[in-house]
Structure formats: C-alpha cells, structure tokens
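Trainee: My questions will all concern the structure given below.
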Amino acid sequence: MATDITVPSLGESVSEATVANWLKNQGDPVQADEAIVELETDKVTLEVNAPSAGTISEVLVPTGETVEVGAVLGRIAEGQAAEAPAQPQQSKSAEQPAPAASGGTNGSSQPAASGSADSGDTGGGNTGSGESVDIPVPTLGESVSEATVASWLKNPGDAVKADEAVAELETDKVTLEVNAPADGVLSEQAVAQGETVAVGAILGRMTKGAAPASGGQAAASAQSAPAASEAPAQGQGQPAAAAGQSAEATLDPRHAPRTDGRVTRNDLMQFLGGGAGSIRPEDLAPSVRTAVEEHGIDPSRVPGTGKDGRITKQDVIDVAEGRKQPLPLPGASAVQAAAATGPAPSPAAQQQHAGAQGAGTAPQSQQPAQQQAAPATGADGKPREERVKMSKLRQTISKRLKEAQNTAAMLTTFNEVDMTAVNQIRAEYKDHFEKVHGIRLGMSCFFGKAVCQALKELPAVNARIEDDEIVYNNYYNVGMAVSTPQGLMVPVIRDIDQKSFADIEKELRDLAKKGRDGKLTMDEMSGGTFTITNGGVFGSLLSTPILNRPQSGILGMHKIQERPMAMNGQVEVRPMMYLALSYDHRIVDGREAVTFLVRIKECLEDPHRMLLQM
C-alpha cells in the first residue's frame, strides 16, 4: 500500500512553497518522521517528514517546482525494496549490445561492446543518440516571472545524468536548482552567470545520450590548441615565430598565475594563450559575445568572475566602464613572470619579448603605468575592494525594510530602566525555578509580561493599518527576535498574556532551537502583533529598531551596563538598560508611546506590578 507525502500547512497567508531539495531518491528506504524533502518559502526553509516507514516509490514533483498546501509530493510504498536504482542499470545493459550488433554476431557481443568502448575513448566519443535537448527555465511560482542565473554547476562538455542539477537560479524569494532533462553531455550554456531570464527561456542545451570526452580526446585537444595558435604566428614573420619558441622555453608551471590558489581557465589562457584574441568568440556565452562586440574589448584581457573563471556580461561592462582594470596582454606575461622569479632571460627570451612587442604588446616604457593602474591589494594579497552581487532574497529584505521606512511615519522614543529588582529576583529564585520548571529564569519572560501589560493599557501600539482602517488586535502575539545561522528570525509567542513565566521561557527556548536547526515553520513566524528585539546580546548600548510591518511598534532591548545614578540624594551604581520604542506615528501618538515605555519601566523596576496587573 502506498502512502502519500503531502505539503504541510505553511502558516498564515502562505499557500505555496518551492521544492528546494529532495533528501531521498526514488527507491531509498526511509523511516517514519525522517526528513525526505525540503520546501522553501519567502521566509523559511522547512522539512517534510515521512508519514510512515517504507521505500520512496514515486517522486511526483521535481526540485524547483512550486506546490500548494495539501499537494502530493510523492509516495511511500510500505515494505518494498529499492527498485529505482536498478532501472538505469537495466537501460545501460540494454544499450551496450547495440554497437556490438553492428560490428559482429551475437556470439561476439561482449568483445564487440568492449571494443566499442575503447574506440569511444580514442575516437569520436559520442556513443549516444546525439539528439539536442533544451534546458528551459522552470516555473518559478505565483507572480514570479524571471530569475537570475546564480551559477552554472556544470560546464560545456561535462557529463550529466537525468535530474542532476546543472544550474542555480535566484529569485526574490528562493534559490532553486535546474536539473538535466535527460542523460547526456552539456553542450552549450546559452545564458551566462548573472544574466536575468524569464520563465520558459532556454538556459542551455545538452546532447542526449552522448558520452563525455575521454582522456585521449582531452590530450588531443590540448595538443591541437598550441598548433592552432602557432598557425597565425607563422604568418606574422620570423620574430613572432621566435617568440613562440621562446614562450615554450619559459612555460614553467611554477610561473603560472593562480586565482584563489588554483589555476582557472583565465589563468591558463593567460599562461598559454600568447596574445590578444586567444579566447575564441564561440567559447563565450551569447550575451558575453554581444557585449564584447559592442564595446570592442579583447575577451582575453577581461578578468572573469564566473564559475571556474568564466567571463560574464557584467565583467565585460565593468572593464568597458573602467570599474575593473583589464588583464595584461598574455603574450608578455610568461616572460615577465620568468624574469621576476627566475634568472636573467636568455637571448631567446629577449628575442621573444621583442617579438611580443612587435605583435602589439605595450612598450616597456608604458608597462610601469599599467602596473600603477592595477587595483591595489592589501598585505594579504587580496584586492582592497570586492563587488558581490546581492542575492534576490537579500534584495527583497532590503526592499521591505525600505518600504517600512517609506510607508510608516516611524519615530523612536527612549527611556532607561533600572534592572536591580529583576536581577535580584533572578538571583534569588533561579535555582529553585529551574528545579521546578526545568528551564532557566531569563530576561525574556519579564519583558514579555511587561510588554503585554503595557499593550493592554495602550491598544494603539498593538494595532495596525489596513487601507483606510485601523485594526485593533484584542490578542497579544509577541514576536521575539532570535539569532540563527540563516540570520535574524522572529518567531511568535502567541497569547502571551495567558502564559506563565515558565511557559514563555520554554516556548522561546524551543523556538530558538528550531531557528538554529532551520526548522521554524511559517506558522511559527507569522501572526505577530508586536515585536521585541534584543541587541544587547551583541553588546549594543542604544539603537533605533525598524518596524516589522504591518505592526505598529517594536521594542529594542540593549546591554545592561552599570552606571552611577542619583538615588534619594545619593550616588549609587545601578545596572541600567536603555529601552527604545519605534512606532508608527500614524496610529500611535507621542503621549501613548512615552506612556508605553514608562509602563514597561515601572513593571521591570517593580515586578510586583505584573503579578497584581497594575
């Protein structure tokens, strides 16, 4: 009997998610409650667990697809063995005798198959059907029409299997992988890294069933590359030929440039290329090729920032607009590297240097100017500046924070509170409290209760604006910001007025653990009416927090610091904390905001008020 794997509830006002990653493959055994797939929304990543023990019998929704709440992601067959991995092996064994059928009789099928494989290693290498298959941009979800190519996980010529990730796309909500539609070899990257693509656009193409180029082919192509570069040199006269011979004499691998400790494609082209035009236009992505032609730039002089040093369109634009310095001409780099790290150049090397100048290298008098124009580096050898494109998710966060500033009439008011009474209660009862309730007595429960008390007295701080109406919330769901590896998240403690001090501490502990493990659900992060954030855990003394829309208030806690205070005509050292309340002045008046902080101050300096609800 098969059991459906369904999309769980995603939280208030969230109706769909994207399949981020399948943690189990078809045919894998799973245990009940074991995580099998990850879903992503615009706020959180959550795991879907197996409803029962068994074997994954069917994967209905591939990675990158958008699903609604209640949709069936796949099925689990109880007690079945893993059959899916056996199917590719059967298809392989069925395909292998095919070359043998054309080369001999049934009795010699095995040797013929072996011979076919050997010939593939040394010859053509395309043993499959050779059919070209497009790799399109999948559906990105409701109201999302385009994405950015974040990175290519495979390069042209790499072998890929069906459903293997070949590229990563970024939207303003999620990062998703694009999988290969069939077994074969990636033949073309039609869109460069950093480019924006629409749903349905062709990212690249692959040759279905083709085998990757073998070591023999790679060696042959490597040998053909110098031969191709020698042909133009012979047409340029004797000095250029002598330069080519001298370059071979200085190709010491120790002198090869490296990027981040490894030799990239650009480094190799610079080391072996021998001058301008060493990168062929057909080696570039179409968008990069167009940009190179428009700006009239030699691609061999463009520093690439893409995967394995590949050139992106933005790299070309940065060089054209002067934000990046072009690479030195590779024809002279090998000689310069040898001169810098080895003994004095031989007469042949000097002749090669002269030939390189005749082929277009800048004169020696101009080289110091080029070196001065190169970007400065620090003591660790890293550039002093580095440009990194913002992810779609970070762009969305920035946009929403700015919307909060632009939409709300945001204002911040401050006060300070003497934490002596709270510290005394915690010191006196912390051991007994932990023994009885199994949880430590922290600060959060005091602030949660104090905020609840103040919200009841000043309901405007607990309200929100919807269109031309003010919505007053008669319940108290307080979000408490917690730090997680994914960033700052705000899980919500619901109906905090009905919870005890121990209940608040336990719930916050559980939510914080889920946040660190990346298991917070949308329901646990939505529906808040007010937010508390504590910058004091990081040492912040004072701040102006930004509203968490559509809420109208957020309380900022800060570091407790001992300061001299005048108490009854005497100076005493007290543990003081600054409080900050940012509020929407469209709803909350200044009087209400100041009174709100005063009530919190009174409750914390005299905690009996919270017990008596005064």
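The values are calculated or read from the model by the stated rules, or taken from the named source; none is laboratory data. Here the structure is a predicted model, which is why all the values come from computation and not from measurement. Backbone-built Cβ (ideal geometry, glycine too); neighbour counts: all protein chains shown. The protein model used for the area step is the full one, side chains on, heavy atoms only, and it has no ligands, DNA or RNA in it. Shrake-Rupley method; radii C 1.70, N 1.55, O 1.52, S 1.80 Å.
Trainee: Which of the peptides 500-510, 399-409 is most tightly packed, and how do the rest follow, going by the mean number of other Cβ atoms within 10 Å of each residue? Kindly include the intermediate steps, with their values, before the conclusion.
Mentor: Working: 500-510: 17.6, 399-409: 12.9.
Taking the mean over residues of other Cβ atoms within 10 Å, the ranking is 500-510, 399-409.
Trainee: What part of the accessible area of segment 487-545, given as a whole %, is carbon or sulfur when the probe is 1.4 angstrom?
Mentor: Values: 1400 of 2690 Å².
With neighbouring chains kept in place, the figure for segment 487-545 is 52 percent.
Trainee: Is segment 26-76 best put as rounded, prolate or oblate by its Cα gyration tensor, with a ≥ b ≥ c the root eigenvalues, rounded for a/c under 1.5, and otherwise prolate when a/b is larger than b/c, oblate when not?
Mentor: prolate
Trainee: While we're looking at this one, here's another question. Mind giving me the FRET efficiency for Val471 and Asn49? R0 is 41 Å, r the Cβ-Cβ distance, nearest 0.05 is fine.
Mentor: On the way: r = 36 Å, r/R0 = 0.87.
Efficiency computed from Cβ-Cβ geometry: 0.70.
Trainee: Using a 1.4 Å probe and counting only protein heavy atoms, arrange Met522, Met614, Met1, Met489 so the residue with the most accessible area comes first.
Mentor: Met1, Met614, Met489, Met522
Trainee: Taking a ≥ b ≥ c as the square roots of the Cα gyration tensor eigenvalues, with a/c under 1.5 meaning rounded and otherwise prolate when a/b beats b/c, else oblate, which class fits segment 417-528?
Mentor: Cα axes put segment 417-528 in the oblate bin.
Trainee: What is the calculated FRET efficiency for Ala198 to Asn568, with r their C-beta to C-beta distance and R₀ = 51 Å, to the nearest 0.05?
Mentor: Between Ala198 and Asn568 the formula returns 0.10.
Trainee: Next question. Counting heavy atoms of the protein chains only and a 1.4 Å probe, report the per residue accessible area for segment 514-578 as a whole number of Å².
Mentor: 50 Å²
Trainee: Right, another one. Which number do you get for Rg(Cα) / (2.2 N^0.38 Å) in segment 569-614? Let's see the in-between values first.
Mentor: Values: Rg = 13.7 Å, N = 46, 2.2 N^0.38 = 9.4 Å.
Expressed relative to 2.2 N^0.38 Å, the Cα Rg reads 1.45.
Trainee: Starting from the Cα gyration tensor of segment 443-491, take the square roots of the eigenvalues, sort them a ≥ b ≥ c, and report rounded, prolate or oblate (rounded when a/c is under 1.5, otherwise prolate if a/b is larger than b/c, else oblate).
Mentor: Here segment 443-491 falls in the oblate category.
Trainee: Can you figure out the FRET efficiency of Leu542 with Ala32, using R₀ = 51 Å and their beta-carbon distance, to the nearest 0.05?
Mentor: 0.50
Trainee: Also, quick follow-up: Any chance you could list the semi-axes, whole Å, largest first, of the equivalent ellipsoid that the Cα gyration tensor gives for segment 510-614, using √(5λ)?
Mentor: Numbers: eigenvalues 160, 74, 44 Å².
Value: 28, 19, 15 Å, ordered largest first.
Trainee: How much accessible area per residue does segment 426-495 have, counting only protein heavy atoms and a probe of 1.4 Å, in square angstrom?
Mentor: Working: 3680 Å² over 70 residues.
Spelled out: the 1.4 Å probe surface of segment 426-495, per residue, equals 53 Å².
Trainee: Order Ser52, Ser187, most accessible first, counting only protein heavy atoms with a 1.4 angstrom probe. Show your work: numbers first, answer last.
Mentor: On the way: Ser52 20, Ser187 60 Å².
Correct descending sequence by accessible area is Ser187, Ser52.
Trainee: What is the gain in length, in nm to one decimal, between Arg384 and Asp158 on full extension, counting 0.36 nm per residue of separation less the C-alpha to C-alpha distance?
Mentor: 77.9 nm
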